[in-house]
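The values are calculated or read from the model by the stated rules, or taken from the named source; none is laboratory data. Just so it is clear, the model here is predicted, and its values are computed rather than measured. Glycine gets a Cβ as well: all are built from the backbone with ideal geometry, and neighbour counts include every protein chain shown. To get the accessible areas, we keep the full protein, side chains included, count just its heavy atoms, and leave off ligands, DNA and RNA. Shrake-Rupley method; radii C 1.70, N 1.55, O 1.52, S 1.80 Å.
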Amino acid sequence: MTKKMWKQHDLKKHYDIVIIGGGAHGLATAYYLSKMGVRDVAVLEAKYIGYGGSGRNTAILRSNYRTEEGIRFYDQSIQLYENLSQELDFNLMFSQQGHFTLGHTEASVSGLTTRAENNKALGVDSYMLDPIEIKKMLPEIDISDHPRYPVLAALYHPPGGIIRHDAVVWGYARGAEQGGVEIHNLTTVGEIRTEKNKIKGVQTNRGFVSCNKLISVVAGWSSDVCAMAGIELPFVTHPLQALVTESYKPWLHHVVVSSNLHIYLSQTDRGELVCGGGIDGYPHYGMRSTLAFLETYAAHVLELFPVLHNVKVQRQWAGLCDMTPDYSPIISPIDEIEGFYVNGGWGTYGFKASPASGYNSAQMLAQGKVPANIAPFSYNRFRENRLVGEKAAASVSN
Amino acid sequence: MTERIAQHPDLPLFSSPKKSFSFTFNGKTIEAHEGDTVASALIAAGVRITSRSFKYHRPRGPKDNFGQGPELLMTVDHAPNVRSDMIPVRAGMQVETQNAWPSTQLDLMSINNFAVPLLPNGFYYKMFHKPKWLWPIAERFIRKAAGLGKIDTQGRAVDTRYEKRYRFPDVCVVGSGPAGLASVKAALDAGKQVLLIEEQEQLGGHSRHTVFKVENCREKKLNGLTEQEAVRSLIDEIEKHPNLEILSQTQAFAVYEDNLVAAQRGTELFKIRAISVVFAPGATDRHLVFDNNDKPGIMTGRGVERLIALHGIKPARRAVVITTHDGGYHTAKLLHGAGTEVLAVVDGRQKPPKNDWVDGIRKLGIPIFEGKTIHRVKGLNQVKKVEIGDLHGQFSSLSFACDLVVLAVGYQPQLNLLSQGRTRPVWDKKRQILRVTDLPQNIYAAGEVQGSASFARLYQEGFEAGRAAAQQSSLSESQRDENELIEALPADIESGGKHHFICPCMDVTRSEACHSIEEGFDQVETLKRYSSMGMGPCQGKTCHEAVARLAARDTGLSETEAVPTTMRPPLSPVSFGILAGRAPHLVPQRRTAMHHCHRKAGAAFLNAGQWKRPHSYLPPQEEALMVRKGLGIIDVSTLGKLELSGPDVMDFLHFMLPGKFRQLAVGRVRYSTMIGEDGILFEDGTISHLEEGVYYLSTTTGNQAAIESLFRWWVLTDQFKVHIKNLAPVHAAVNVAGEKSREFIQKLVDIDMSNEAFPYMACRKSTIADVPVLLFRIGFTGELGYEIHFPSEFGAPLWEYFLEQGKSYPLKPFGVETQRILRLEKGHLIPGVDTDALSNPYEAGVDFTVKEDKENFVGKAFLKNFKERGIENKLVSYKLNSADPIPEDGVAILKNGKIIGRVTSSRMSPTLGFGIGLAWVPRDLSGAGSRFQIRLANGQDVTAETLDHAAYDPQGERLTS
């Protein structure tokens, strides 16, 4: 008899904590809450778990950020990821194959050097490589001066890699359900009710649910959901596109990102090259792909790897990114409404944050205190104009 | 056993090819006939196992011979994953099979039939992760076994020339079967320019191999002809029409927003913007799930017909045809005519109709089994035996020994282009197919894609769609006759056994799908992702209908809920080369008017924004000393140059820039920063009052285009009456720097260059060698210097003229790297290099450019906030001890192991003999004489000392004297 990973539940009238959003962050939050002994929790998902960014990202993990805030937070995330397959008893296929960020201009090399040095200072394995060293590890890369922007150097980050993103979603979902949390698919929140600046509950397509605490973990849809509570967020949602090629014999054994060409690629254990680029230049909630993305990506990737000219794109898609002005998230209580929390603003770097985001969110919800690692990501920093400095590093942040 | 046929009694248009030639397959020489695809030549030569399956390495063979699945993917002339059934074979081609070891015939990686039932469902998520050290080892093996073709790392054809082409027809028709051809005809009749796209070399679609008689067609003259003849006649009629362009061997692979159609042909990408698009892409034989349903020797009806009619191949010795409609009888007839012994036609219908086709088969003595279907196939590496029985797979009643099983059990429409990331297909119960009905404006669909069957109906629908497309009018849903319906068999013939492959590409069986559902993946999307059904090379084209129907059955979802997952572009894979084209989608490379002078002088170049600029001509340290001690000239043509004028120009400058300019007299220049709405410093430059009401703004190289668009955006947004003239492309510029620069330039101009007449931060107009020039007494190097702007057509001649005139000093060119050293000695920042997205002008030390008491201007609110907050970090000049190594740009400044700042620019000062630089440090280290530790990339620490001002000429005496 096959063991069920999760069950269908009737929606109760009340939960201690309601989590809106059944992506990796929402489910990780639920999982860590259950581990902390908080079990009266419901995850409400409008479609199915992993529908949004969790199922549409390119599954790259790294912690070589630029700022101390970023480095500490993502390092915690990588450390959680490193033991997650064993903890969840589910093979997430975390492949720590090493992560290159190529620099093609002197300004970007300087920025990469800052990241390398800041990483080293905080104990994150990260260092600069020159083109000859790069070529040794990526034999097919073109390091001649033929490309429009030749490769000048790379930031190399050995613990970085890729993971099976859907498995992370399912692993957390199963873990959360085993811990007593309820996951409700096809459950849409249409209204957030408050009373005297205190959260009351949510109106769903399956009826009203009251709760003591409510957290919005809906990434690209954050502005819409928080608007239901009358909260305005400094988020702008942009589409981000990606593609995979057909399957080829594994040839690329590292993640390669180019900060100036705005592209990245890696090869999965199935042999497909997973590729992505920068966000589309316009705010939009549409998730249709464009030909322009394919053309630009192709031209840029061939600058790095001319041998890929007859490698073929098999599928393209798009997801949504909730961009903040400082390229850093908000994980924070909202002062205006007691019991209301926001976890969002994940831009293009949300998936790699899932464990740390969930873990700290769970602590914040369970203990009512904001853990130190996420204190810099407060909602109020935008009121106080105290931004986090990740934008400086984020020409392409995957 | 396959062999070539010389003639065929049922195919009047058949003629055996005249020419033959050879190519190699896995190193062996194979004979091919003219008109063969790679695959057809291989099939004719008796190759039955053409590939191995993705996961279990099961043997796979040709099925539909129409580019649908991965079973015919091969490496052709070192290009991996080529659909060998879609490309014509050529003499000398080198064809190889993929992903099998040691060979496709005997693949030792096969874990085939015996192991499959032993692996738990979703086994890859449940194995190898405990203990932790196991996974990296297991992964190495998995990666060795994974993947299909090999990327040609030698890059043998890397210089292939790819092209992009553009078309703007009135009507674009995709597909040239009866419906497509009728659409073309209707649109041509309406006087439209028409573009017809056909994937195959020849027009005609499936009718090319169909000899049903045309009846009741609105085009009367076609009645009584065979379909083959009818399409031939249609093609003859339209082919030469002056308003028609035909792109054959061209595949429309995607439809994007606003009906942009993308197509590929060979090495070309077509981007098609038509007013209307008609999709008549047809349908393929339905995928049927039963035990061992994916074995070499199982082919589709149309796949078999293509081999016989188009390539003259007798595909087998003995065949059994499984069908649910008259098409199966048609295939049986063609097989019989080709010399294959047809052992039986197994018809799922309880009562096949009485017509010429059914009767014809009976008359040939071929037994017909009614109300029956296939249960299982037996044979290790290929079909040896087939068992048939009732429709639900309960009672197997008969078996036949044969080497071919033909599946002709209805059609599944080619929906991808109609659906593509936009809408999901729905199950049309009445038509027993998946359909896309909500089409965007000016997109039409006709023919088999709508579930139509007879030639007359296809023609009718195509014609109506073509007419509607020409008029951009709406098209009503065409009605359907009862006898056109092809009833779908159960999606899985549940006859027992373990090898019911729903998704043959990814080796997913029915039982695996069922287990996934039991585990909780009970929505089509999660089911797909967990089991990876439909995620292989065919992207669900084979299996999406079966997946949806079985999901409906096994999950309890209704037929309307269990629709396939969103279909994504592209329809079939398209290469990076085709997408990239010849002109890369990269920013253009820009060169100044003096570029070739620099090249001649042996300059090394660097990228500065879009520009190529001389890095240096000699070692930069030498060049720097030359400027300090003598005279140098640098090409600064790449600076942004905007001329601003108009009634609101002063208001506009006050609004855009943080400073005040009302007092800036004609002939004077001022330095200014630019601040974003967020109060962040992002740019600097100079503003010069050229003549009454005309201002000349210079900006940095990298931001040239961005500043122009930003200014234009604000002019439009706030309705300033300002004229913006971008002079960057038409003005070349140089900077002459050094103590002797005044003396030198005085020789070239007839204006008074004295310090009194032409002071620091002033500008003048003059001529040099009869060329009108703008002179600015400004500089970035810290020496007395002049910037000279002039029309770029004189770029090279004036550059040469300066060098010639300056020979006696001597005047020598210097590069950007040298300028960076010089400016660093002087402590000048470069926005974007020494500042980042958090740098405000107070902390960057350029607050003298900000006048907060001004009326509203861009960034004011945030500047106020920054000012109130006070200085927390500061950009400072620093120096090192002369023996210290020079830190890399970007390295960190540490205090007790904590990061407290960073070095932004760092060089050896040849003038001073020690290292200098700019760095962000906390306020308490920003005072002159403070010391801090810089951590080099190699881990070594060096001590730096904060400087009060610039390291070189702190009082600026050299500039102003």
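Assorted remarks:
- Of residues in segment B:815-848 being closer than 16 Å to B:Ile871 by Cβ and assigned to a helix (DSSP H, G or I), the one most open to solvent (accessible area, probe 1.4 Å): B:Phe848
- Filtering segment A:290-308 to residues that are open to solvent by less than 10 Å² (accessible area, probe 1.4 Å) and facing chain B (nearest Cβ under 7 Å) leaves A:Leu291, A:Leu294, A:Glu295, A:Ala298, A:Ala299, A:Val301, A:Leu308.
- Residue within segment B:487-498 that is away from chain A (no Cβ under 14 Å), within 32 Å of the chain's Cα centre (by Cα) and either acidic (Asp, Glu) or surrounded by 24 or more Cβ atoms within 10 Å (Cβ to Cβ) (or both) present: no
- Considering residues of segment A:54-75 that are open to solvent by less than 40 Å² (accessible area, probe 1.4 Å), touching a residue at least 60 places away in the same chain (Cβ under 8 Å) and not in a loop (DSSP other than H, G, I, E, B) only, the residue nearest to the other protein chains (Cβ to nearest Cβ): A:Gly55
- Here the condition is being of a type outside the set (D, E, K, R), free of Cβ contacts under 8 Å to residues at least 40 places away in the same chain and open to solvent by 20 Å² or more (accessible area, probe 1.4 Å); of A:Ala366, A:Ala375, it holds for A:Ala375 alone.
- Within segment B:667-680, the set of residues being touching a Gly at 6+ places or on another chain (Cβ under 9 Å) and at negative phi comprises B:Arg670, B:Tyr671, B:Ser672, B:Thr673, B:Met674, B:Ile675, B:Gly676, B:Glu677, B:Asp678, B:Ile680.
- B:Lys879 vs. criteria away from chain A (no Cβ under 14 Å), open to solvent by 60 Å² or more (accessible area, probe 1.4 Å) and over 46 Å from the mean Cα position of the chain (by Cα): yes
- Matching residues in segment A:83-105 - criterion: being within 8 Å of another protein chain (Cβ to nearest Cβ) and at negative phi: A:Asn83, A:Ser85, A:Gln86, A:Phe90, A:Asn91, A:Leu92, A:Phe94, A:Ser95, A:Gln96, A:His104, A:Thr105
Matching residues to (1) assigned by TED's automatic domain parsing to the domain that holds B:Ala456; (2) open to solvent by 20 Å² or more (accessible area, probe 1.4 Å); (3) part of a helix (DSSP H, G or I); (4) over 23 Å from B:Ser15 (Cα atoms):
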{"position": "B:Val173", "(1), (2), (3), (4)": "yes, no, no, yes"}
{"position": "B:Leu181", "(1), (2), (3), (4)": "yes, no, yes, yes"}
{"position": "B:Leu188", "(1), (2), (3), (4)": "yes, no, yes, yes"}
{"position": "B:Lys192", "(1), (2), (3), (4)": "yes, yes, no, yes"}
{"position": "B:Leu196", "(1), (2), (3), (4)": "yes, no, no, yes"}
{"position": "B:Glu201", "(1), (2), (3), (4)": "yes, yes, no, no"}
{"position": "B:His206", "(1), (2), (3), (4)": "yes, yes, yes, no"}
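- Residue count for segment A:308-364 under the criterion of being part of a loop (DSSP other than H, G, I, E, B) and of a type in the set (Gly, Ala, Ser): the result is 5.
- If the condition is being open to solvent by 20 Å² or more (accessible area, probe 1.4 Å) and assigned to a loop (DSSP other than H, G, I, E, B), then segment B:231-273 contributes B:Glu239, B:Lys240, B:His241, B:Pro242, B:Asn243, B:Ser248, B:Gln249, B:Gly266, B:Thr267.
- Count - residues of segment B:560-603 that are more than 10 Å from chain A (Cβ to nearest Cβ), open to solvent by 20 Å² or more (accessible area, probe 1.4 Å) and among the hydrophobic types (A, V, I, L, M, F, W, C): 2
- Taking segment B:4-60 as the range and being hydroxyl-bearing (Ser, Thr, Tyr), in contact (Cβ under 8 Å) with a residue 24 or more places away in the chain and either under 20 Å from B:Leu404 (Cα atoms) or out of contact with any helix residue (DSSP H, G or I) (no Cβ under 7 Å at 6 or more places or on another chain) (or both) as the test, the residues that pass are B:Ser16, B:Ser22, B:Thr24, B:Thr37, B:Ser40, B:Thr50, B:Ser51, B:Ser53.
- For beta carbons closer than 7 Å, sequence separation of 6+ or different chains, a first residue in segment B:368-385 that is on the phi > 0 side of the Ramachandran plot and in contact (Cβ under 8 Å) with a residue 24 or more places away in the chain and a second that is part of a strand (DSSP E or B) and open to solvent by 50 Å² or more (accessible area, probe 1.4 Å), the qualifying pairs are B:Gly379/B:Lys385.
- Checking A:Gln363 against (1) within 11 Å of chain B (Cβ to nearest Cβ); (2) touching a Pro at 6+ places or on another chain (Cβ under 6 Å); (3) modelled with pLDDT of 95 or more, the condition it does not meet: (1)
- Residue within segment B:405-412 that is away from chain A (no Cβ under 14 Å), in contact with a strand residue (DSSP E or B) (Cβ under 7 Å, 6 or more places away or on another chain), hydroxyl-bearing (Ser, Thr, Tyr) and closer than 28 Å to B:Ile313 by Cβ present: yes
- Residue in segment B:840-847 that is more than 14 Å from chain A (Cβ to nearest Cβ) and of a type in the set (Val, Ile, Thr) present: yes
- Across segment B:861-876, the number of residues qualifying as surrounded by 17 or more Cβ atoms within 10 Å (Cβ to Cβ) and in contact (Cβ under 8 Å) with a residue 60 or more places away in the chain comes to 4.
- For A:Val311, the test of being within 14 Å of chain B (Cβ to nearest Cβ) and surrounded by 24 or more Cβ atoms within 10 Å (Cβ to Cβ) is passed.
- Screening segment B:513-580 for helices (runs of 4 or more DSSP H) wholly inside it with 1 or more residues that are more than 30 Å from B:Tyr166 (Cα to Cα) returns the ranges B:524-531, B:544-555.
Let's see how each residue does on (1) modelled with pLDDT of 95 or more; (2) among the acidic types (Asp, Glu):
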| position | (1), (2) |
| --- | --- |
| B:Asp10 | no, yes |
| B:Ser20 | no, no |
| B:Thr29 | yes, no |
| B:Tyr56 | no, no |
| B:Ala91 | yes, no |
| B:Gln94 | yes, no |
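- Scanning segment B:656-673 finds one or more residues that are open to solvent by less than 10 Å² (accessible area, probe 1.4 Å), within 27 Å of B:Ala757 (Cβ to Cβ), under 42 Å from the mean Cα position of the chain (by Cα) and small (Gly, Ala, Ser).
- Single residue of segment A:205-236 satisfying the filter (touching a Gly at 6+ places or on another chain (Cβ under 7 Å) and open to solvent by less than 10 Å² (accessible area, probe 1.4 Å)) that is nearest to the other protein chains (Cβ to nearest Cβ): A:Gly220
- Of all residues in segment B:701-716, at least one satisfies being within 21 Å of B:Leu829 (Cα to Cα), open to solvent by 30 Å² or more (accessible area, probe 1.4 Å) and in contact with an Asp or Glu (Cβ under 6 Å, 6 or more places away or on another chain).
- Whichever residue in segment A:118-147 is under 20 Å from A:Phe305 (Cβ atoms), touching a helix residue (DSSP H, G or I) at 6+ places or on another chain (Cβ under 7 Å) and open to solvent by 20 Å² or more (accessible area, probe 1.4 Å) and, among such residues, is nearest to the other protein chains (Cβ to nearest Cβ): A:Glu140
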